[in-house]
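The values are calculated or read from the model by the stated rules, or taken from the named source; none is laboratory data. Note that the structure is predicted; figures quoted are calculated from it, not measured. Virtual Cβ from ideal backbone geometry, glycine too; neighbours counted across all protein chains shown. Protein only, heavy atoms only, side chains kept; ligands, DNA and RNA dropped before computing areas. Shrake-Rupley method; radii C 1.70, N 1.55, O 1.52, S 1.80 Å.
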Number of protein chains: 2
Amino acid sequence: VRKGETIAVAQAISLVEKNGEGKEELLDMLFPYSSEALLLGITGPPGSGKSSIVDRLIALERTRGHRVGVLAVDPSSPFTGGALLGDRVRMQRHAGDPGVFIRSMATRGYLGGVSPATSDAAKICAAAGYDTVIIETIGVGQSEVEVVELADIILLVLVPGAGDEVQIMKAGIMEIGDYLVVNKCDREGAERLKTEIEYVLRLGNAERDAGVLLTSAKTGEGIDELHERISDRVKSMKESGNLDARRAARLKMELRKILHQKLHEMLESHLEIDDRIDAWIDMLVQGKSVPYRLIQSKIEEFKEGVR
Amino acid sequence: VRKGETIAVAQAISLVEKNGEGKEELLDMLFPYSSEALLLGITGPPGSGKSSIVDRLIALERTRGHRVGVLAVDPSSPFTGGALLGDRVRMQRHAGDPGVFIRSMATRGYLGGVSPATSDAAKICAAAGYDTVIIETIGVGQSEVEVVELADIILLVLVPGAGDEVQIMKAGIMEIGDYLVVNKCDREGAERLKTEIEYVLRLGNAERDAGVLLTSAKTGEGIDELHERISDRVKSMKESGNLDARRAARLKMELRKILHQKLHEMLESHLEIDDRIDAWIDMLVQGKSVPYRLIQSKIEEFKEGVR
């Protein structure tokens, strides 16, 4: 992985995806090298043109000599052939370029949502020397929030005329993107959507440097500016210490999550919940116990036996 | 609560919402009476007319002499005044009817999603003698899945021309509704959407009795039939034992969730994670440890100290 060998990177990601033997040791070994890449998250509703923007950004990154890893978590992404979950990556024009690594990540069966292995995959890419790792997720419901937990900088891609402007604003996802990109800017309503978003941002008194940009991934309009703004922002985040702060916050969340996950597994196996829960339900249904009293006794049992 | 006093019900729900002192005892006391109501979940995208359908269903239930509780988890629901989270219920035409209890449930700040207290609130309503408890949630992303965990029977409300038919189907939420309701059936495309949904259901080889119904909450068209179909279905679910099975499955999920939540809290407080996590992050950043090794040592510390 550290040599940047594509096959090793792919195998390492497969290992973390299937939570295989040696995963933790591998990630611990790579950890010291896993913060050297910029993690760029890109999210937005289906059909907003995220993948086309990613395609353009890859090209620009390559002209700067950067190696780029792409993790596509969007099941309807062109990278995954527009197909449903589990499909392999369809090779794009960059796929023959050894400086570009594209990988689709399986989600856990719901639209949107970030595979739990995505964060690990990003670290593997970083340790393999990819300078920029782009994480593309479909933006539905909670997944925007999840991608925030993954990336150093976030683009939220919207399109005019999708009729969901108001809804998007209500959802509070205005709080999310470092940059809000109105793609398909040749469509009617693009300027209006931009104005509305800016209005909401002002209302929300957003204390961040977020900008609203008009792009057309199809013609390339606005992409150079987007790319430059990202680079500038990364630079200023580095200088101000905000990048380190964001990464520390992310690491905290991850540590907590793993700690709780481990304990979750301990509880399940120690109490043999799978095998015993039917009997517990019977007790409740037959009026022999009530839920919280039952739970308290199981917690005690766990505490007694865990050492 | 058992006397069906509105104020007591409202106070009990407030207690569970704020996770107050005595919550567990209250729920344990009410548990034996908490399965006597039918829990009807209704979900769908914003603007699909869920609240208008609920309004119509309340009226029909009242003509049968049933008492109805409504828990509106949708922040953009008319019941909450179209406002954002935390707003109070706007009184509807049923609000003056003592046989109707309407309550908005605060969500945790994201669009869609079911408040963790919703399930408890439904149990309180059931124990208070409401025959039918309607749980209305906005259908975005994961929340459809969550409402399935709450209700005995689910209506998924769609509207023609929203442009999200394909997306909805991909999302797998076709697996969710017991009844798929195409509302605003006077709109162009209603029949086509119905046909498409039926096609997908056949493709998916759905082994359930789900039907696709056309309604217009505005004119009332189709609502009588919907109401009748629900009643018939409940009857057949009772006879076949499917209702009990679904409730047992739900109770299992709840037990597990509470067990894990309790352990989660134990871990947080025992390890004093809030106070110590900054120091852990420093160790990682300074290269003095690596994540999984660190986590392992914290798990050991928890196990040592928990008794």
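Here are some notes:
- Inter-site label distance for B:Ser297 and A:Glu301 at 7 Å from Cα along Cβ, in nm: 3.4 nm
- Under 25 Å from the Cα of A:Lys18 - lysines, other chains or at least 8 residues apart: A:Lys3, A:Lys123, A:Lys252, A:Lys257, A:Lys262, B:Lys170, B:Lys257, B:Lys298
- Charge dipole (debye, nearest 20) of segment B:204-281; +1 at Cβ of Lys and Arg, -1 at Cβ of Asp and Glu: 380 debye
- Nearest-10 value in Å² for the accessible area of B:Met266, using the 1.4 Å probe: 40 Å²
- 10 Å Cβ neighbours from other chains, averaged over peptide A:288-297: 5
- Using a Förster distance of 45 Å, the FRET efficiency for A:Arg192-B:Arg93 (Cβ separation, nearest 0.05): 0.80
- Shape category assigned to segment B:208-269 from the gyration tensor of Cα positions, a/c cut at 1.5: oblate
- Relative packing of B:117-125, B:55-63, which averages over residues the other C-beta atoms within 10 Å, highest first: B:117-125, B:55-63
- Average beta-carbon neighbours from other chains, 10 Å sphere, peptide A:262-271: 4
- Area of A:Lys235 that stays accessible when all protein chains are in place (1.4 Å probe, Å², to 10): 130 Å²
- Between B:His66 and A:Met253, the C-beta separation translates, for a Förster distance of 45 Å, into a calculated FRET efficiency of about 0.45.
- Comment: the Cα-to-Cβ extended label point of A:Arg187, at 7 Å, lies 1.7 nm from its counterparts in the other copies, nearest first.
- Between B:Met29 and B:Ser240, full extension at 0.36 nm per residue minus the direct alpha carbon distance yields a gain of 73.1 nm.
- For the peptide A:211-223, the mean number of other protein chain Cβ atoms found within 10 angstrom of a residue's Cβ is 0.
- Solvent exposure, largest accessible area first (probe 1.4 Å, DNA, RNA and ligands not counted), of A:Val16, B:Val1: B:Val1, A:Val16
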